[in-house]
Amino acid sequence: MITLRSYLKGDWREGSGDVATLVNPATEEPIGTASTKGLDLAGAVDHARKNGGPALRAMTFAERGERLKKLSKALYEIRDSLIEASILNSGTTRSDAKFDIDGATGTLAYYASLGEKLGARRTLVDGEGEALTRSPRFWGVHVKTPRLGVAVHVNAFNFPAWGLAEKAAVALLAGVPVVTKPATATALLAFRAMERIVQSEVLPDGALQMVCGGAGDLLAHLGPQDVLSFTGSGSTGAHLRGLRNVIERSVRVNVEADSLNAAVLGDDVAPGSDTYQMFVRDVAREVTQKTGQKCTATRRVFVPRALIDRVQADLAERLAEIKIGDPSLDEVRMGPVATAQQLADVRAGIGVLIDSGARAVWGSATDVKPIGVSAGKGYFVGPVLLRADQPREARAVHEHEVFGPVVTLMPHEGAQDAAELVGLGEGGLVASAYSDDRAVVETLVLGMAPFSGRVLIGSAKIAEQAISPGTVLPSCVHGGPGRAGAGEELGGLRGLDFYMQRTALQGDRAFLDKLG
Ligand code: NAP
């Protein structure tokens, strides 16, 4: 059994009592414990503000970028042991573990390169300046400076490595110290990554601290210069947004929450064509990668009514190829879901969708025979393909996120109808449109973009090169309106805005031109 400790105020600290047990989801065996009871979380917040912040702000963007580059390398050096931690505690296959871990090191490296490009400066200038009166001397310009507080990052269970790194990379580059909190149930991977980060001595004291276990009173200490970035369920996000000090002290909050991501097949696409194959390949991958526990996984699929039987058969054929079982085995393509609660939620969620008018047309959430696992053990669920022939009537399909390998196939009556159906999800992280017809793409993009943080347009010309829609790239924004939390992260330099204050400076142009 491993005792996960928190890294606070420059040291590893162990909580007492109220211990949470971490388990191996493939075997249900306990592997570790975590507790934050009795830890001085107010002191950690203070330590970040007093030590980490000033040390980071004393560095230029290039110097901070240099640190991120070293962190990326330090984590890459222990990639194999991080993969083992992911398999053990998150039940990921090797390939799913790499998706999380390489996403972490890749995002750190990406922001390191942005730091290098920004060079020896400590503030950012936002846009062009302009004369404020008829005099060319009285000038106005917008600048961005790092906030003087702490960034608290609360992460979801499904990406322990990427969640830690993608948020920390942006905050640290902006010059803001971080207290990061992985979800307790799958915290082992983040804990191992943090051990390496501490050992590397790359960051100044107080720049990055980690809370392993419950959040305790951490958020109660946040004030007007601090930010809270949360990833997790919509209900927890709503609760955190409503915390008294968060409201009264105007703590800046970013929420990345639930999402009923959609894929649309245009009615110009012929079955068997390159675009069609890309669509089927992407949907099958999105349903099963990380056992469907991706915030960006495809949950709803809209296809021309005339093609729905064909798509159903082709998707079923793909899903049938997926071998389920012990995630450490090479032949296994899909491991268990992460916790007993997740398993119960997925099974219950399928029931909710069926009660709402969907029907199961392929697969089963209960009848699974995982390879290499003791009978009756592990939180396994097979891929499940549902179908709703009256998509507007099956409301829960657009409202209830089943966080597992479950997708609902539905017919549309053309591009405009498909875009409206996507909108029934009331805001998502990513939508994808597969078409080679410009008019169809234009209708879909105009209809879907207001509901989406990101839109992937799949077509024959990029069928071989494109990455499937569930992959979050640091250069593109991540987040979505409405149900998805109305947040925004990453997107290259755009991500830094959350951690910086934009201020309009007014004065003598000669002075202002020299600032920054
Ligand atoms: P969750 O239950 O909401 O937990 C998320 C995080 O919030 C965990 O670290 C949890 O800590 C913490 N937390 C819970 N209650 C809290 C409280 N009262 N005060 C402070 N922290 C609190 O979500 P989850 O089950 O981990 O994640 C699944 C959900 O996340 C799905 O709905 C998925 O769509 C969403 N998600 C969204 C994105 C995105 O980018 N939009 C990415 C990944 C996941 P403990 O673990 O210690 O309870």
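A compact table of results
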{"quantity": "Those residues of the range 209-224 which are open to solvent by less than 10 Å² (accessible area, probe 1.4 Å) and not aliphatic (A, V, I, L, M), in sequence order", "calculated": "Gln209, Cys212, Gly213, Gly223"}
{"quantity": "Matching option when the condition is open to solvent by less than 30 Å² (accessible area, probe 1.4 Å), under 15 Å from the mean Cα position of the chain (by Cα) and farther than 20 Å from Gly127 by Cα, among Gly491, Gly470", "calculated": "Gly470"}
{"quantity": "Hey, Ile322 surrounded by fewer than 22 Cβ atoms within 10 Å (Cβ to Cβ) and touching a helix residue (DSSP H, G or I) at 6+ places or on another chain (Cβ under 9 Å) or not", "calculated": "yes"}
{"quantity": "The range 93-124, residues that are among the aromatic types (Phe, Trp, Tyr) and over 24 Å from Phe61 (Cα atoms)", "calculated": "Phe99"}
{"quantity": "Condition check for Asp355: surrounded by fewer than 16 Cβ atoms within 10 Å (Cβ to Cβ) and over 25 Å from the mean Cα position of the chain (by Cα)", "calculated": "yes"}
{"quantity": "Given (1) under 19 Å from Trp162 (Cα atoms); (2) buried (at least 18 other Cβ atoms within 10 Å of the Cβ), index of the condition Lys98 fails", "calculated": "(2)"}
{"quantity": "Unique match (being open to solvent by 10 Å² or more (accessible area, probe 1.4 Å) and out of contact with any His (no Cβ under 7 Å at 6 or more places or on another chain)) among Arg502, Arg483", "calculated": "Arg483"}
{"quantity": "Failed item in (1) open to solvent by less than 40 Å² (accessible area, probe 1.4 Å); (2) out of contact with any Cys (no Cβ under 7 Å at 6 or more places or on another chain), with Glu426 passing the rest", "calculated": "(1)"}
{"quantity": "Any hit, the range 375-394, residues being in contact with a Pro (Cβ under 7 Å, 6 or more places away or on another chain) and within 30 Å of Leu496 (Cα to Cα)", "calculated": "no"}
{"quantity": "Output for the range 7-16, where each listed residue is surrounded by 21 or more Cβ atoms within 10 Å (Cβ to Cβ) and closer than 17 Å to Asn51 by Cβ", "calculated": "Tyr7, Leu8"}
{"quantity": "Sole exception among (1) more than 18 Å from Ala348 (Cβ to Cβ); (2) touching a residue at least 12 places away in the same chain (Cβ under 8 Å) for Val397, by number", "calculated": "(1)"}
{"quantity": "Residue that is most open to solvent (accessible area, probe 1.4 Å) [pool: residues in the range 129-171 that are hydroxyl-bearing (Ser, Thr, Tyr) and without any contact (Cβ under 8 Å) to a residue 60 or more places away in the chain]", "calculated": "Thr133"}
{"quantity": "Matching strands (runs of 3 or more DSSP E) fully within the range 213-317 where at least 3 residues are in contact with a Ser or Thr (Cβ under 8 Å, 6 or more places away or on another chain) and more than 10 Å from the ligand (Cβ to nearest atom)", "calculated": "261-265, 298-304"}
{"quantity": "Strands (runs of 3 or more DSSP E) contained entirely in the range 402-488, each with at least 3 residues that are outside the structural domain of Ser233 (by TED's automatic domain parsing) and under 18 Å from Ile308 (Cβ atoms)", "calculated": "406-412, 428-434"}
{"quantity": "Filtered residue count, the range 47-57, keeping only those that are open to solvent by 50 Å² or more (accessible area, probe 1.4 Å) and touching a residue at least 40 places away in the same chain (Cβ under 8 Å)", "calculated": "4"}
{"quantity": "Residue check for Leu4: of a type outside the set (S, T, N, Q) and within 22 Å of Val227 (Cβ to Cβ)", "calculated": "no"}
{"quantity": "Residue that is open to solvent by less than 10 Å² (accessible area, probe 1.4 Å) and in the same structural domain as Val202 (by TED's automatic domain parsing), where the choices are Gly91, Gly106", "calculated": "Gly91"}
{"quantity": "Residue check for Ser229: of a type in the set (Ser, Thr, Tyr) and more than 13 Å from Tyr7 (Cβ to Cβ)", "calculated": "yes"}
{"quantity": "Complete set of residues in the range 172-200 that are in contact (Cβ under 8 Å) with a residue 60 or more places away in the chain and within 16 Å of the ligand (Cβ to nearest atom)", "calculated": "Val178, Val179, Thr184, Ala185, Thr186, Ala187, Leu188, Leu189, Phe191, Ala193, Met194"}
{"quantity": "Residue list for the range 144-161, filter: more than 9 Å from the ligand (Cβ to nearest atom) and either among the aromatic types (Phe, Trp, Tyr) or part of a helix (DSSP H, G or I) (or both)", "calculated": "Pro160, Ala161"}
{"quantity": "Inter-residue pairs, beta-carbon under 7 Å, first basic (Lys, Arg) and in the range 212-232, second at pLDDT below 95 and surrounded by 17 or more Cβ atoms within 10 Å (Cβ to Cβ), 6+ apart", "calculated": "none"}
{"quantity": "Lone unmet requirement of (1) under 22 Å from the mean Cα position of the chain (by Cα); (2) hydroxyl-bearing (Ser, Thr, Tyr); (3) assigned to a loop (DSSP other than H, G, I, E, B) for Ser72", "calculated": "(3)"}
{"quantity": "Residue within the range 450-465 that is farther than 16 Å from Val301 by Cβ, open to solvent by 40 Å² or more (accessible area, probe 1.4 Å) and acidic (Asp, Glu) present", "calculated": "yes"}
{"quantity": "Residues (outside any loop (DSSP other than H, G, I, E, B) and within 28 Å of the chain's Cα centre (by Cα)) located in the range 110-143", "calculated": "Tyr110, Tyr111, Ala112, Ser113, Leu114, Gly115, Glu116, Lys117, Leu118, Leu124, Asp126"}
{"quantity": "Among (1) surrounded by 19 or more Cβ atoms within 10 Å (Cβ to Cβ); (2) away from the ligand (no atom under 14 Å from the Cβ); (3) not acidic (Asp, Glu), the one test that Phe511 misses", "calculated": "(1)"}
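The values are calculated or read from the model by the stated rules, or taken from the named source; none is laboratory data. Keep in mind that what you see is a predicted model, and the values were worked out from it rather than measured. A quick note on method: Cβ atoms are made from the backbone with ideal geometry, for glycine too, and the neighbour counts reach across all protein chains shown. The accessibility values were calculated without ligands, DNA or RNA, using every heavy atom of the protein model including side chains. Shrake-Rupley method; radii C 1.70, N 1.55, O 1.52, S 1.80 Å.
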